Amino acid sequence: MGLGLIGVVAAGGAAVAYAAVDGKPAMPADRAAIELVVRDYILNHPEIIPEAIDRLKAKQIAAKIEEHRSELESPYKGAWEGAEHPRVTLVAFMDYACGYCRASLPDLARLVKDNPDLRIVYRELPIITNDSVGAAKVSLLAAETGKFMSFHRAMYEAGDVAPGAVIKAAERAGLDTGKAKAALKAPGADAQIIENVRLAQALGAEGTPLFVLGDEMFTGAVGYDALKAAVDKVRNKG
């Protein structure tokens with residue numbers, strides 16, 4: 001029996017099957033027989049269960065991304081790199097204290113170089129340490145003054161989110177030292193950071209880096225090839 005003929009819905013731990021003949025729902029007696037066939041099929045082919053779960057998760061993720069796409073792909077000030085008028089947009093949630101984020105930097109730089117129609121939108125998600133929040137605040141200042149990527153690279157080159165390291169990175173990026181110190185010491189979290197956290201939570205994010213591309217979401221340092229394949233997929237969909 002082909003899987004295309006049967007739809008299986010998991011509800012409350014039970015599998016409920018539905019079939020239609022000439023567009024009409026199956027009668028109760030037929031439905032019971034179909035459920036028995038489906039049950040036997042699943043028991044004989046348990047490998048389809050993880051596949052079905054993965055497909056369901058992918059569908060749910062795609063729906064969440066589509067719901068928030070406009071917000072996700074609209075950068076804060078200058079917190080982006082790549083194409084001014086992109087055909088493909090990659091959204092990257094990152095934390096300056098995240099080693100996997102740092103490891104992903106060369107892959108992202110290569111993606112921008114190899115794909116002139118790609119834009120990467122960066123969203124600060126400071127969840128690892130308290131110092132990450134201060135670094136994120138200064139990055140927003142950098143975005144407001146057209147120095148985001150310079151500060152972004154300087155921070156990951158430093159590999160440290162302690163206040164002193166953040167100020168040194170700000171100076172290397174050409175930021176006003178006084179303004180950088182003020183941003184670093186400002187109480188509470190910036191509204192943009194709160195918004196980034198809200199979006200990440202809406203997507204069900206579990207860590208950084210988090211990459212959103214098309215209808216897909218990737219967590220961790222997934223590498224150039226995986227991201228490039230996703231870029232090509234979005235581009236080919238038109």
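For this structure, a couple of remarks:
- Other-chain or far-sequence residues with amide H under 5 Å of TRP80's (modelled H): TYR122
- Looking at the chain, the DSSP beta bridges with both ends there are about 70 percent antiparallel.
- Each Cα pair under 8 Å and six or more residues apart adds its separation to the average, and for the chain the resulting relative contact order is 21 percent.
- Potential lengthening between LEU43 and ASP232 on full extension [0.36 nm per residue; Cα-Cα distance subtracted]: 64.2 nm
- With the largest listed first and rounded to whole Å, the semi-axes of the equivalent ellipsoid of the chain from the Cα gyration tensor are 46, 18, 15.
- Computed FRET value (nearest 0.05) for LYS185 with GLU84, which takes r as the C-beta separation and R₀ as 35 Å: 0.55
- Working note: Karplus 6.51/-1.76/1.60 with θ = phi - 60° gives the range 119-133 the couplings 10, 10, 9, 9, 10, 6, 10, x, 10, 8, 9, 5, 5, 4, 5 Hz, where Gly and Pro are set to x.
- Cross-link table LYS168/LYS228; LYS147/LYS233; LYS113/LYS233, entries beyond 26 Å C-alpha to C-alpha: LYS168/LYS228; LYS147/LYS233
- Pair ARG69, ALA52: separation of 7 Å Cα→Cβ label points (nm): 2.9 nm
- To the nearest ten degrees, helix 163-172 and the longest principal axis of the Cα atoms of the chain are 80 degrees apart.
- Over the chain: helical MRE at 222 nm, DSSP H runs n ≥ 4 each giving -39500 (n - 2.57), nearest 500: -17500 deg cm²/dmol
- GLN201/GLU171 FRET efficiency (R0 41 Å; Cβ-Cβ; nearest 0.05): 0.75
- On Cα atoms only, tilt of 191-202 relative to the major axis of the chain in degrees: 20 degrees
None of the figures in this text is laboratory data; all of them are computed from the coordinates on show. Predicted, not measured: the structure shown is a model, and the values here were computed from it. Every residue, glycine as well, gets a Cβ built from its backbone with ideal geometry; the counts of neighbours run over all protein chains shown.
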